[in-house]
1. Pick from the stretch A:383-403 the residues that are of a type in the set (A, V, I, L, M) and within 25 Å of A:Met451 (Cα to Cα): which of them is modelled with the lowest pLDDT?
2. Output the residues belonging to the stretch A:336-368 that are at pLDDT 90 or above and over 17 Å from A:Ile414 (Cβ atoms).
3. Looking only at the stretch B:211-231, count how many residues are surrounded by fewer than 19 Cβ atoms within 10 Å (Cβ to Cβ) and either at pLDDT 95 or above or assigned to a helix (DSSP H, G or I) (or both).
4. Output the residue which, of all residues in the stretch B:164-204 that are among the aromatic types (Phe, Trp, Tyr) and closer than 30 Å to B:Thr14 by Cβ, is farthest from the other protein chains (Cβ to nearest Cβ).
5. Limited to the stretch A:402-432, what total is found for residues that are polar (S, T, N, Q) and over 24 Å from A:Glu299 (Cα atoms)?
6. Pick out the one residue from A:Val477, A:Val483, A:Val458 that is modelled with pLDDT of 90 or more, under 19 Å from A:Arg334 (Cβ atoms) and in the same structural domain as A:Met273 (by TED's automatic domain parsing).
7. Of the residues that sit in the stretch A:158-171 and are in contact with a helix residue (DSSP H, G or I) (Cβ under 7 Å, 6 or more places away or on another chain) and crowded, with 18+ Cβ neighbours inside 10 Å, which one is farthest from A:Thr433 (Cα to Cα)?
8. Sort out which residues of the stretch B:94-119 are in a helix (DSSP H, G or I) and either out of contact with any helix residue (DSSP H, G or I) (no Cβ under 9 Å at 6 or more places or on another chain) or β-branched (Val, Ile, Thr) (or both), and write them in order of number.
Amino acid sequence: MAQAAIELIGINKSFGAVRANRDINLEVARGTIHGIVGENGAGKSTLMSILYGFYQADSGEIHVGGKPVSINTSNDAIALGIGMVHQHFMLVDNFTVLENIILGAENDVLLKSSIAKARSELDRLEREYGLEVDPDAVIEELPVGLQQRVEILKALYRGAEILILDEPTGVLTPAEADHLFRILKQLKEQGKTIVLITHKLREIMAITDTVSVMRQGTMVATRMTKETTVGELAELMVGRRVLLRVEKGQSEAGAVKLSVKNLTVKDSRGVTMVDNVSFDVRGGEIVGIAGVAGNGQSELLEAISGIRHAVSGEVMLDGKPIDLTGKADPGELRDRGLAHVPEDRHHVGLVLAFEENENSILGYHDDERYLKGPFLDVDAIMADAKDKIEKYDIRPGNPRLKTANFSGGNQQKIVLAREMEQDPGVLIVGQPTRGVDVGAIEFIHKRLIAMRDQGKAVLVVSVELDEIRSLSDRILVMFAGRVVGERGPDATEGELGLLMAGVEHQEAAE
Amino acid sequence: MDMFNAIIQVLDSTIRLSVPLLLACLAGLYSERAGIFDIGLEGKMLVGAFAGASAAAVFHSALIGLGTAVLISVAFALVHGFASITHRGNQIVSGVAINFIAAGSTIILGQAWFQQGGRTPALQPAERFEAIIWPGAEAIKDVPIIGPIYAELISGHSILVYFAFAMVPFTWWVLFRTRFGLRMRAVGENPAAVDTAGISVAWLRYRALICTGILTGVAGAYLSMVQNGGFVKDMTAGKGYIALAALIFAKWKPVNAMFACLLFGFLDAAAIRLQGSPLPIIGKVPVQFMQALPYVLTVILLAGFIGKAIPPRAGGVPYVKER
């Protein structure tokens, strides 16, 4: 094994009562790509923030290049050749690429020489690593993939030999992610050391040399990537065997509960997003809508739940039409038994500044169960919230905690608990497990199947093909606003992938 | 020719009236570009005016007056910084508090020290900044057109007037050509980017506030030692707020700020000039209406005539390292 670029020995870090890192030991070899995986909240980001000097460890030692060092500020880390690409980019949006690159690494009091140096340096980096970017472009006008490239350039400009990337693909399209991986491999070939934090196991398998697994603040294992499997890593992450495919019985489909006929939806620019779509969802079945993001699934969901105006077509709920003018009263739809778990829980599903118990009744707060005369019945609401916390294993189990302080998976559970516990006849779920960790995914899937087994009609829209395949009794594939195919649960990934890419559709059209 | 002279006179007073606005506006520009809202420009100008006039009267020196004005104003700016940067307090509340402290303390201290009902003693010529007559101004005064423009508009102002206008290109240069300016603009947009680049957010913001304090101090000194021969209570009369309006109108850009302040100064000068004289068609207009005109126009301009003004994105938000 090559000489260690970084060595962390016995790192401990607590935030109040929470022990984010306990006795972490980690060794990263020079010139390798080292992955760190773990569920949300396992302590990966904290550990890297300690290495980057954003936080200070309570105890422990850091060795860089074999020598013990103390890293108290980001400046110390930069001086030691450590660069970080943050999950939320640390860029000034209305600055140019050049201005962002030199910020904090200026030559002297005046900018002129710094800009000239950065321009020639960027030119060199572009040639060496193929990191092309227009130095005079303004950041906010660049696509996300290029913004990330600027972050990488920023680190390289400061002479980084060790590059830490925190969840780099979370915001990228698959094509951008592939490009990023090519860049990372090239950087590795040039002798840079790369630490990749992610919770996507497929990325780990695709690109890393070694991988370390974190769970609840501890480092549980380090493996050579080629000697391990996705299954083993997933198990190490959650501490037990994960059902990557949920077990479920045969569906017993009943009467049609939700019926969509010839639905057409246009967006604000007048572009047709949903094009003459028809399907039924019966009680006791899960219908999954697969598709690459942006092929009309979001608009379809919004139209069915009465939020978005539909140009033509009709949607029947238990045989009665839903108002499709986009002005439907969501309260009325809830009363009629339609529950909606929106795709974007932060902006539509939750008020993050509210306490957990408030969010857990939001939208149903007019229900007399939660009222005492004209006032909210606080005791009833708290009892109800505690009940849901227990049933849905929402952690931490404190109904008074601000919703923003829950992890993504637990926030999603709050929304699901709210909607499912109203015992709706029809449940519409957008991206049930987006940004949710492995353990919670399994739980959510089991819950959705339980709903189905109770005879509810469930419509799931997801961009995760695995999820659609594992949950659905019937799979509809959307491409360019149309439903281009229907398949059973045993459809292969390749078959669905072709449909999602519109291949079959185009052939049929010709 | 009478018309021409009248215009020259209005423009001359436009310059004089816009100087305190311009200084305060540039002061606000430094702090807001660094992400600190400063509604306390008014208060800092007022303490500057009071401190300047008091020190000048006591020590019989205009320069000592100016120095004291700047010192006290910077001290108030640092108080604002202590509350809103170090202790992450609400910047509006802190600014309003500074305005109240300024309004109250200047009257109380003025009465206690000078017993003239809150005024400071009338300043002697040596204790004020006198007008500077440019070479040749007297000689060409009678040349038509050019003469009055040179003698009245360009020559014959106090040093602080020239300082104020020189600050416009200087501020532009600082913002866009120096390291400090780059970092200051960055910290007003995304302090986390500055922090991760290894630069202290707090120290950067404090330095911006010191610039603010210096400029409001000079603005105050101008009011009490140039425009007026001493301090009168509440002599800033809302200029700090008009300067804030001008800053938004100027979209936080130095050269725009100069034009915005000149416009407000012109409205003021025109209102004074037109008082009592009948307007064509409308006839005689009450004095109060003319005096209200600049403020009415401020509201109208801000309400819709400037397009979208995007303030520095981190403005008003204390920086907290997020977990």
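1. Top of the filtered list is A:Ile394.
2. Result: A:Arg336, A:Gly337, A:Leu338.
3. So the answer is 1.
4. Checking each candidate, the answer is B:Phe165.
5. 5
6. Matching residue, one of A:Val477, A:Val483, A:Val458: A:Val458.
7. A:Arg158
8. B:Val96, B:Ile98, B:Ile101, B:Gly104, B:Thr106, B:Ile107, B:Ile108, B:Gln111, B:Ala112
The values are calculated or read from the model by the stated rules, or taken from the named source; none is laboratory data. In this text the structure is predicted, and so the values were computed from the model without any measurement. Here the Cβ is made from the backbone with ideal geometry for all residues, glycine too, and neighbour counts use every protein chain on show.
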